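K.L.:
Before I ask anything, here is the structure I am working with.
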Amino acid sequence: MTWTNKLENSTQSLSEKISKDYSVTYVDSLAFYIPTSVICFYNIPSKYRVPFFCASSLVWDIFMSFATHNSLKKT
């Protein structure tokens, strides 16, 4: 969120963006990475763990791009 806000010269201040979206993003991060880690360490052979985490990080980065450019505030 910080880099995107800085690079886009956003009119919305960073503190406003973080206060609005941080808690939702943090909870979603836990909901994504905890099951991903469990699946990885219990089901994926060790030689495929790095590619699995890279692919899952790509999915998370796509979500973060969406989150940065749209409001995530749950109503």
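The values are calculated or read from the model by the stated rules, or taken from the named source; none is laboratory data. Remember, predicted model here, so these are calculated numbers, not experimental data. All Cβ positions, glycine included, derive from the backbone under ideal geometry; neighbour counts span all protein chains shown.
K.L.:
List pairs: first in region 53-68 and hydrophobic (A, V, I, L, M, F, W, C), second not in a helix (DSSP H, G or I), Cβ under 8 Å, 6+ apart or cross-chain?
P.N.:
Met64/Met1; Ala67/Met1
K.L.:
Taking only region 43-72 into account, find how many residues are modelled with pLDDT of 90 or more, in contact with a helix residue (DSSP H, G or I) (Cβ under 8 Å, 6 or more places away or on another chain) and not in a helix (DSSP H, G or I).
P.N.:
Residues flagged as modelled with pLDDT of 90 or more, in contact with a helix residue (DSSP H, G or I) (Cβ under 8 Å, 6 or more places away or on another chain) and not in a helix (DSSP H, G or I) within region 43-72 amount to 1.
K.L.:
Pick from region 20-40 the residues that are surrounded by 11 or more Cβ atoms within 10 Å (Cβ to Cβ) and small (Gly, Ala, Ser): which of them is modelled with the highest pLDDT?
P.N.:
Ser37
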